[in-house]
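What follows is a short report on a single structure.
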Amino acid sequence: MSTQIAKLDHYVIHVSDWDASNPFYRDVLGAELVDRGHGIWAYRFGSEQLNVHGPGVAADPVARVPVAPGNSDLCFEWNGPITEAIAHLNRCHIEVELGPVERNGARGRGTSVYFRDPDGSLLEFISYRA
């Protein structure tokens, strides 16, 4: 048995348009929009956060190859059956790109659906419920 020495705190994504991305991450993914001042935002999901590079952000220090808009691949756990996630995406007028399909996630086998954010980043809802 290994000892956990770290916990994920935040990830970084890049968006090209705050006006398109903020309502998407709030309404489709349920993020709390965190105003970081000067027109810069972060997206919070409980105890995890997406820090967002976008228009007006001077990201220092930066990764060797900074994340580009549309270049992220993120999975979010859906707290319910995957059919409810699909219905939610349909209500939000978001196209399901793939799924439902069986996948392995942080908690083992689950069922996933894939879709894209306004910049084309690949997003996934995974459900561990039957």
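The length gained by stretching the chain between Tyr11 and Glu32 to full extension, at 0.36 nm per residue less their Cα-Cα distance, is 6.1 nm.
Each principal axis of the Cα atoms in the chain has its own extent, and those three values, largest first, are 44, 44, 25 angstrom. Within the stretch 2-51, the trypsin sites (Lys or Arg not before Pro) that combine a DSSP coil assignment with at most 16 other C-beta atoms in a 10 angstrom radius are Lys7. Dipole check for the stretch 76-119: with +1 at the C-beta of Lys and Arg, -1 at the C-beta of Asp and Glu, and the Cα centre as origin, the magnitude is about 200 Debye.
Here, each number is a calculation from the coordinates, and none is a lab measurement. The model shown is predicted, which means the values in this text are computed figures rather than measured ones. Glycine also receives a Cβ, built like all others from the backbone with ideal geometry; neighbour counts cover every protein chain displayed.
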